[in-house]
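Presented below is the structure to which this report refers.
The values are calculated or read from the model by the stated rules, or taken from the named source; none is laboratory data. Just so you know, these numbers come straight off a predicted model, no measurement behind them. Cβ sites come from the backbone with ideal geometry, for glycine too, and all protein chains shown count toward neighbours.
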Amino acid sequence: MDIRAIKLRFDIIGDNHALNRAIDIAVQVAATDLSVLITGESGVGKEVFPQIIHTNSPRKHNQYFAVNCGAIPEGTIDSELFGHEKGSFTGAYETRKGYFEVADGGTLFLDEVAELPLSTQVRLLRVLQSGEFIKVGSSKVQKTDVRVIAATNVNVLRAIEMGKFREDLYYRLNTVPIYVPPLRERKEDIHQLFKKFALDFADKYKMPTIRLNHDAVRILENYRWPGNIRQLKSIAEQISIIEHNREISTEVLKKYIPEEGVSHLPVRTEGHGADYMTDRDIIFKVLYQLRQEIEELKSGIVKSQVPVSSVIAKRDDVGDVIEERSVVDYDEEAEISSGKESQDFSIQSMNADLIRKSLEKHNGKRKAAAAELGISERTLYRKIKELNLDI
Ligand SMILES: Nc1ncnc2c1ncn2[C@@H]1O[C@H](COP(=O)(O)OP(=O)(O)OP(=O)(O)O)[C@@H](O)[C@H]1O
Ligand SMILES: [Mg+2]
């Protein structure tokens, strides 16, 4: 498949040189069994790459699993990846298979790989080197044939320096590196991406498509985009939902783009504590909570229809299934599987300012801020990391 066909198939917008190179490497490496490490800032679009690789590989008819290493509690990650024996820990009522066993012959995408605890990194290195692993609580060595693709937005070299990531694992994973460029280095793609999202959201919310005027396009192109495509998409969505006038001027656009070079900390006016959140913040919060409720309802319906430990489908914005994966039946199931996925999806609309304001208001107490924002502490923690909030 050539690059154009890949872009069409995977809905990838843009013609930037570095992006094209990343796609090209993905296609070239697909035919092999080499491990691939995908790096790039948060929100640049890393998650489509393992799918490109898998679907262009000889393993395409076998299983593909995506595991978000950052969303799985430390205590269960080994068991998720490698399985466990019955009775190996409290709650291990049955022997169960881990991803490395069920993905035998297929591809495993380890997203946010830098979040893995060091002890899990050792197990991972072993399975990468020898194809061998041992279930938690077992002494039997098992063999598997899994192609591993990993991704991270963390500066891995710094993580190695800090002793958080094993150097040997890094070199093993990084056999083929794929670097996805940040949006500010792809200025030529920004407007095209915005137009695509504007069309998608017009369709989704059954409203006319928003359009930027000439000057607004310049502003969009010259903004730094710390949250990259995820942030651009979220802004396109917010404007699509909120603005009555569908012709977007610079003044309107500026309301949605955080001012650069200015502290994002809220300015507190004496005696106006109640005005702490702006009307826009409140609208976002309500919209966010509404969506979260809908997602919860939806996942409730899914859960009541399928038995625990079955397959959860990840859907894209228009509801098409883009990925299926099995669900585990631990306490935090909701956060690991459906809840986590949908929270990730809906939280895109929650902007950094709102999170900062809430944390500032609660003197940095995450628990109180999470409660106010209507999200779990763990999600808030992830969000702070994702948005690189310097708090
Ligand atoms: N080239 C593209 N064309 C259209 N949409 C894109 C493109 N790249 C990314 N997106 C969209 O941008 C959003 C963010 O992408 P993705 O989730 O892959 O980011 P990421 O690199 O994995 O970020 P993180 O490191 O924070 O997980 C997704 O909604 C994705 O569909
Ligand atoms: Mg990601």
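Step by step: first the residues of the stretch 12-34, then only those that are away from ligand 1 (no atom under 16 Å from the Cβ) and surrounded by fewer than 19 Cβ atoms within 10 Å (Cβ to Cβ), then the one that is farthest from Arg158 (Cα to Cα). Which residue is that?
My answer is Ala31.
What residue, of Thr144, Thr209, is assigned by TED's automatic domain parsing to the domain that holds Gly45 and at pLDDT 95 or above?
Exactly one of Thr144, Thr209 is assigned by TED's automatic domain parsing to the domain that holds Gly45 and at pLDDT 95 or above, namely Thr144.
Any residue in the stretch 218-231 that's within 16 Å of ligand 2 (Cβ to nearest atom) and of a type outside the set (Phe, Trp, Tyr): show its pairings with residues that are modelled with pLDDT under 95 and in a helix (DSSP H, G or I) at Cβ separation under 7 Å, as long as the two are six or more apart or on different chains.
Arg230/Gln348
Results for (1) surrounded by fewer than 16 Cβ atoms within 10 Å (Cβ to Cβ); (2) free of Cβ contacts under 8 Å to residues at least 60 places away in the same chain; (3) more than 14 Å from ligand 1 (Cβ to nearest atom), shown as yes or no for each residue.
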position	(1), (2), (3)
Ala151	no, no, no
Arg158	yes, yes, yes
Pro177	yes, no, yes
Val180	no, no, no
Glu185	yes, no, no
Glu188	yes, no, no
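Got at least one residue in the stretch 186-203 being touching a Lys or Arg at 6+ places or on another chain (Cβ under 8 Å), closer than 21 Å to Gly83 by Cα and not β-branched (Val, Ile, Thr)?
no
Which one is farthest from Asp145 (Cα to Cα), of the residues in the stretch 1-21 that are among the β-branched types (Val, Ile, Thr) and assigned to a helix (DSSP H, G or I)?
Ile3
Residue-wise test of (1) outside the structural domain of Ser42 (by TED's automatic domain parsing); (2) over 26 Å from the mean Cα position of the chain (by Cα); (3) part of a helix (DSSP H, G or I); (4) modelled with pLDDT under 95.
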{"site": "Phe197", "(1), (2), (3), (4)": "yes, no, yes, no"}
{"site": "Asp200", "(1), (2), (3), (4)": "yes, no, yes, no"}
{"site": "Arg218", "(1), (2), (3), (4)": "yes, yes, yes, no"}
{"site": "Glu221", "(1), (2), (3), (4)": "yes, no, yes, no"}
{"site": "Lys233", "(1), (2), (3), (4)": "yes, no, yes, no"}
{"site": "Thr269", "(1), (2), (3), (4)": "yes, yes, no, yes"}
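Hand me the list of strands (runs of 3 or more DSSP E) wholly inside the stretch 22-137 holding 3 or more residues that are out of contact with any Phe, Trp or Tyr (no Cβ under 6 Å at 6 or more places or on another chain) and assigned by TED's automatic domain parsing to the domain that holds Val176.
Correct list: 107-111.
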